[in-house]
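One structure is given below, encoded as structure tokens.
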Amino acid sequence: METRSSLAREEQGHRIRQIAGWTLIAIAVFVSLVMIKPSLPSKIVLLTGPEGSSYHAIGTLYARELSARGLPTEVVVTDGGIDNLRRLEAGAENAVGLAPSNLEHAIRPPVDAEHLVSLGSVAYEPLWFFYRSDLEIRDLKDLAVLTVATGDEGTVLHWMVGRLLEVHGIQRDVDLVPEPEETPEATVTALRGGALDGVFAMGAPGSPAIQEMLHSDGISLLSFDRADAYVALTPGLTKLVAPAGVFDLARDVPSEDTELVSVTTNLVSRDSLHPTVLPQMLERRAG
């Protein structure tokens, strides 16, 4: 009887110790999840683009709203979407960048996207081609031997133009030069004066450079009538259609339905971004 009693007391003691152990674990979990709340980073770094670009404009709006909601945000001027992807790939901490959709494997050298995540799409970035109206240009293949302005190497614009010329097999036949940097008026002057035959541009229809060329006499906008083929051949591109008159109904701009191709601008971060930042970013409304 004494032996049985001793065994019972030992078993009871073991159970008490086991319960105490689980209780301590539960308390530790409660403290870590409830009492010790993970804190937001002191600030978010928002990788945008060159000053005056649509990326920089979008990023500035985001920074203003995030800071107003108590999350200080530093706007960083970069070379654009591809540069932003490379900075994130290199390990930029507490950073969110504006970048084109689905191009990380297409650009060269490709970006290692293993630890990159998209937080959502925020805008379209259509590609435009403006040319002197006295030229007979009906398709991109007509650009062979012409002098055409485009973005600097490493920009999404430069990549897109190179890709479209490549699928036409004329990438070596077009004289690509940098676009005049001074003002949109300088680009129009270069077109009218014959220094340029055409200009590739990217941005929203309301941007100053696009507006200037849309409303300038002697300058025409090309419709990418093979947009469906461009989209099929290049993952990450989207076809857009601008209905006749949508940019200026009084002046009938454009004068007919115009097909464009576009990338989608995404917010991209590393997968290590603090989880509470995500809802802050998604709450942002267009300003």
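The values are calculated or read from the model by the stated rules, or taken from the named source; none is laboratory data. Source: prediction; values computed, not measured. A quick note on method: Cβ atoms are made from the backbone with ideal geometry, for glycine too, and the neighbour counts reach across all protein chains shown. Ligands, DNA and RNA are stripped out before the accessible areas are found, and what is left, the full protein with its side chains, is counted by its heavy atoms. Shrake-Rupley method; radii C 1.70, N 1.55, O 1.52, S 1.80 Å.
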Discussion item. Through the Karplus equation 6.51 cos²θ - 1.76 cosθ + 1.60, θ set to phi - 60°, convert the phi angles of the range 94-99 into ³J(HN,Hα) values in whole Hz; use x for Gly and Pro.
Written reply: 6, 10, 10, x, 8, 8
Worksheet, complete the sentence: For the range 74-89, in residue order, the Karplus 3J(HN,Hα) values (coefficients 6.51, -1.76, 1.60; θ = phi - 60°; whole Hz; Gly and Pro = x) are 9, 7, 10, 6, 10, 7, x, x, 5, 4, 4, 4, 5, 5, 5, 4
Worksheet entry | Point-to-point label distance, LYS43-ASP217, nm (Cα→Cβ direction, 7 Å offset) | 5.0 nm
Worksheet item: Each residue of the range 190-195 in order: what ³J(HN,Hα) in whole Hz does its phi give by Karplus 6.51 cos²θ - 1.76 cosθ + 1.60, θ = phi - 60°, with x for Gly and Pro?
Response: 5, 5, 5, x, x, 5
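Ignoring any ligand, DNA or RNA, what whole percent of the accessible area of the range 165-252 comes from carbon and sulfur when the probe is 1.4 angstrom?
Values: 2320 of 4550 Å².
In the range 165-252, the share of accessible area belonging to carbon and sulfur is 51 percent.
Compute the length gained on full extension between LEU233 and LEU249: take 0.36 nm times their separation in residues and subtract their Cα-Cα distance, giving the result in nm to one decimal.
On the way: separation 16, 0.36 × 16 = 5.76 nm, distance 3.34 nm.
Fully extending the segment from LEU233 to LEU249 adds 2.4 nm.
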Practice prompt. Distance between Cα centroids, the range 144-204 to the range 212-287: provide it in whole Å.
Written response: 18 Å
Worksheet item: Around GLU74, which amide H atoms from residues at least 5 apart in sequence, or from another chain, sit under 5 Å from its own amide H, with H modelled in the peptide plane?
Response: ILE44, VAL45, LEU46
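Taking 0.36 nm per residue of sequence separation and subtracting the Cα-Cα distance, how much length would be gained by fully extending the chain between ASP173 and LEU119, in nm to one decimal?
15.5 nm
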Practice prompt. Pull out a ≥ b ≥ c, the square roots of the eigenvalues of the alpha-carbon gyration tensor of the range 122-227, then state rounded if a/c is under 1.5, prolate if not and a/b is larger than b/c, and oblate in the remaining case.
Written response: rounded
Worksheet item: Residues with amide H under 5 Å of VAL177's amide H, sequence separation 5 or more or different chain, H placed in the peptide plane at 1.01 Å from N; which?
Response: VAL148, ALA149, THR150
Item to complete: Highest first, please rank the peptides 138-146, 72-80 by the mean number of other Cβ atoms sitting within 10 Å of their residues.
Response: 72-80, 138-146
